[in-house]
Amino acid sequence: MLQGMAHPDPLAAASLEGAPDYSTSTLSLYERTGAYLRGHFRLTSGLHSPEYLQSAKVLAYPEHAETLGREMASELRTLLSGKAPDVVVSPAMGGLIIGHEVARALGVRHFFTERDAETNRMTLRRGFEVKPGEAAVIVEDVITTGGSTKEVVDLLTAAGVTVLAAGSIIDRSGGKADVGVPRVALQRMEVVAYDPADCPLCRDGIPAVKPGSRKS
Ligand code: ZN
């Protein structure tokens, strides 16, 4: 396996150029940067899984972030067949870096939403303003249930913005997550996930860890 390769191949970004099979190259980037974790994980959705994709470890390499951003922008351009967004919007924290890189590749601004600590609702802060009639795409690192992306879609739609599409580096739902707008992903996966009440790893007494950014 590639797990022992803690340091990424310096040619990784270059080797992706001219290789449109993102599905293979994306996952190999996760493998090479140690971002593809195996163990016993408690996902944000509440489900347990024997694997977890820690996108931050891939995106820690600016050249990989830029490459993935370009690839997603290319997929979005194809999906939108020429219709350009005014802004890329991402839910913090996971969507920040990849959203920024997609926005760079599309030549538009990048905003991000944050969860209000009191109401737990997604909000646009920091002077980020959208106007009715503007068009947006939503970009996230990983879609599992699509919940966060859907919240951003709803927030922008309520503000009169047309959400054209959504994109993620990884789609853990195997294409099933419905966020209410067309969607692209560089890598589709069917990830094994268990209800905590019916989790074989729990039955084996293996402690579950929460690898994401939110506190457990
Ligand atoms: Zn478990």
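Since every read-out is calculated from the coordinates, none of them should be taken as a lab result. This one's a predicted model, so the numbers in the text were calculated from it and none came from an experiment.
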Legend entry - Values of log10 I(q)/I(0), in the order q = 0.10, 0.14, 0.21, 0.22 Å⁻¹, for region 58-191 under a Debye, Cα-only, solvent-free model: -0.27, -0.54, -1.28, -1.40
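So what's the back-of-envelope 222 nm ellipticity for the chain, counting only DSSP H runs of four-plus at -39500 (n - 2.57) apiece and dividing by all residues, rounded to 500?
On the way: 7 runs with 67 residues, N = 216.
Taken over the chain, the calculation gives -9000 deg cm²/dmol.
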